[in-house]
Amino acid sequence: MNRTLLDLWVGLFVAMGLSALLFLALKVGNLSSTTYSQGYVLTANFDNIGGLKVRAPVKSAGVVVGRVTGIDYDNQTFQARVVMSMDARFKFPKDTFANILTSGLLGEQYIGLDPGGDTENLASGDAIKKTQSAVVLEQLIGQFLFSKAAEPNAPPAVK
């Protein structure tokens, strides 16, 4: 009798540990968050989305207001088209600006929305016209090196 009671407690402890690991895995993967089925859909075109992924957060003032639900390539504009599902509680003006930002130095990328001053709000199916693409580290380094080489008092190149 004492052995079965001990086995029962060990089994409960193991089950609680596995459920805690599952909960943490879902939190880390952004899979446990609610979907915004009562929300609305917005799109935005970007020249370069960097490492942006589906399920990435859409934030405004640090608050998660939606999620990226789709990424594809537009053959007419030759840009990446990002589809976002927004929470219905949050409204944004028509002249909202969308940026692809990075949390931290090497963190995940997300879309940051900067609201404008228009009196009319975006509706479901609308496109955000003002966008800024992701900053690509390789391009920044290349621009820096090119500008240093173009300076008139730059040291001569070593042969």
* Asked: Which entries in Lys53/Lys130; Lys53/Lys148; Lys27/Lys91 show an alpha-carbon gap greater than 23 Å?
  -> Lys53/Lys148; Lys27/Lys91
* Cα-only Debye scattering, the stretch 1-140: base-10 log of I(q)/I(0) at q = 0.09 Å⁻¹ -> -0.37
* Asked: So how long is each side of the stretch 59-159 along the principal axes, counting just the alpha-carbon atoms, biggest first, in Å?
  -> 61, 32, 27
* Structure fact -> Lys and Arg at +1, Asp and Glu at -1: neighbours of Thr69 with Cβ under 13 Å from its Cβ sum to +2
* Enter the angle in degrees (range 0 to 90, nearest 10) between the Cα long axis of helix 2-28 and the first principal axis of the Cα atoms of the chain, meaning the one along which they spread out most. => 20 degrees
* To do: Could you order Ile128, Ile71 so the one with the most accessible surface comes first? Probe is 1.4 Å.
  => Ile71, Ile128
* Please determine, in degrees from 0 to 90 and to the nearest 10, the orientation of helix 137-150 with respect to the longest principal axis defined by the Cα atoms of the chain, where the helix direction is its Cα long axis. => 20 degrees
* Asked: Sorting Phe92, Phe146, Phe97 by accessible area (1.4 Å probe), largest first, what list results?
  -> Phe146, Phe97, Phe92
* Heavy-atom accessible area per residue - the stretch 52-159, 1.4 Å, Å² -> 65 Å²
* Asked: How do Glu120, Glu138 stack up against each other in accessible area, from largest to smallest, with a 1.4 angstrom probe?
  -> Glu138, Glu120
* Summed residue charge, Cβ within 13 Å of Phe144's Cβ, Lys/Arg positive, Asp/Glu negative -> -1
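The values are calculated or read from the model by the stated rules, or taken from the named source; none is laboratory data. This one's a predicted model, so the numbers in the text were calculated from it and none came from an experiment. For neighbour counting, all protein chains shown are included, and Cβ atoms are generated from backbone atoms with ideal geometry for every residue, glycine included. Protein only, heavy atoms only, side chains kept; ligands, DNA and RNA dropped before computing areas. Shrake-Rupley method; radii C 1.70, N 1.55, O 1.52, S 1.80 Å.
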